[in-house]
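Here's the structure we're looking at; comments come further down.
We did not get these values from a lab; they are worked out from the coordinates using the rules stated. Worth saying up front: this structure is predicted, and the values here are computed from it rather than measured. All Cβ positions, even for glycine, are placed from backbone atoms using ideal geometry, and neighbour counts span all protein chains on display.
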Amino acid sequence: MRVSVNAQVLGWALDRSQRRENLEPKFPKLAEWLAGASPTFKQLLQFASAVAVPFGYLLLEAPPEEQLPIANYRTLTGKPEHLYMSFFHCKFIIA
C-alpha cells in the first residue's frame, strides 16, 4: 500500500535528523520520495523511526512549526534557523 506524502515534510524530517548520509543507503528510494514518489506504508514507518519523527508528522500537508519551550540565546534573533534533534536533546537534558 503506497502512502501519499508531501516531499517537503520528508525533507524537513531528513534535515532535522541530520542523518542524510547514514539514511541514503538504508532507503535507496529516498531521492525518488523527495522528488514526489510515494513510499509504502512499511517504508514510511521505518523512515519515521530512523529520523525520530512521529509517524503522523509525515502525513502533514506542510512541515510543522516547532517552538522551543525555553528561549535560545545563542542566536541574534533568539530563533534558530533550523531545529535539529541534537539541539532538542541537549536542551531537554539541561532543562
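Quick notes
- Report note on the peptides 25-35, 43-53: ranked by the mean count of other C-beta atoms within 10 Å, highest first, their order is 43-53, 25-35.
- Under Karplus coefficients 6.51, -1.76 and 1.60, residue-wise ³J(HN,Hα) of region 41-53 in Hz, glycine/proline x: 4, 5, 4, 5, 4, 5, 5, 4, 5, 5, 9, 6, 10
- Pair ARG20, ASN6: separation of 7 Å Cα→Cβ label points (nm): 2.0
- With θ taken as phi - 60° and the Karplus curve 6.51 cos²θ - 1.76 cosθ + 1.60 applied, the whole-hertz 3J(HN,Hα) list for region 3-20 is 10, 6, 10, 6, 5, 5, 5, 4, x, 4, 5, 5, 5, 4, 6, 6, 10, 3 Hz, x standing for glycine and proline.
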